[in-house]
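For reference, the structure is listed below as structure tokens.
Please treat every number below as a calculation from the coordinates, not as lab data. Just so it is clear, the model here is predicted, and its values are computed rather than measured. Neighbour counts run over all protein chains shown; Cβ positions are idealised from the backbone, glycine included.
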Amino acid sequence: MSELLFVCYVDELTENKSKRFSGEDFDIALFNYKGGIFAVDNVCPHQHRAEIYQGEIKNGCVVCPAHGWKFDLRTGNKVGGNKGLNAHEVKISGGKIFVKPTVKKFAW
Ligand code: FES
């Protein structure tokens with residue numbers, strides 16, 4: 001997967017809101033945080049639960065609702081650990097949000 005895909009209109013993803021965007025070979029969580037749109041994997045590397053999009057945002061990190069692991073929204077890196085989420089390229093154009101899913105192998 002290497003193309004930008006339309007997700008939704010910017011107006012649909014308001015401040016501190018999130019959205020799940022999934023396809024055949026990707027599952028992504030998008031967040032609007034302080035005016036920026038961020039896209040990371042929706043599947044947590046801890047117990048592989050697809051709940052990241054439901055996580056609370058705290059200090060630039062999303063908190064997995066299952067057990068509280070925290071991931072930096074910008075990089076996907078886990079706070080205080082080496083497992084993380086992939087961060088995906090986001091582009092805003094004409095009031096629309098596009099994401100380029102990056103499919104990587106996970107080291108789980
Ligand atoms: S599944 Fe995310 S912290 Fe456990």
Inset, instruction - Check region 27-48 and report whether any residue there is away from the ligand (no atom under 12 Å from the Cβ), closer than 14 Å to residue 70 by Cβ, assigned to a strand (DSSP E or B) and not hydrophobic (A, V, I, L, M, F, W, C). - result: yes
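Table: residues versus (1) buried (at least 20 other Cβ atoms within 10 Å of the Cβ); (2) within 18 Å of residue 77 (Cα to Cα); (3) under 12 Å from the mean Cα position of the chain (by Cα).
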residue: 3; (1), (2), (3): no, no, no
residue: 11; (1), (2), (3): no, no, no
residue: 21; (1), (2), (3): yes, no, yes
residue: 43; (1), (2), (3): yes, yes, yes
residue: 51; (1), (2), (3): no, yes, yes
residue: 54; (1), (2), (3): no, yes, yes
Inset, instruction - Taking residue 82 as the residue in question, decide whether it is on the phi < 0 side of the Ramachandran plot, free of Cβ contacts under 8 Å to residues at least 12 places away in the same chain and within 16 Å of the ligand (Cβ to nearest atom). - result: yes
Legend entry - Number of positions in region 3-26 that are in a loop (DSSP other than H, G, I, E, B) and touching a residue at least 12 places away in the same chain (Cβ under 8 Å): 8
Inset, instruction - Out of 90, 103, 99, 62, report the one residue that is assigned to a loop (DSSP other than H, G, I, E, B) and either of a type outside the set (S, T, N, Q) or near the ligand (Cβ under 10 Å from one of its atoms) (or both). - result: 103
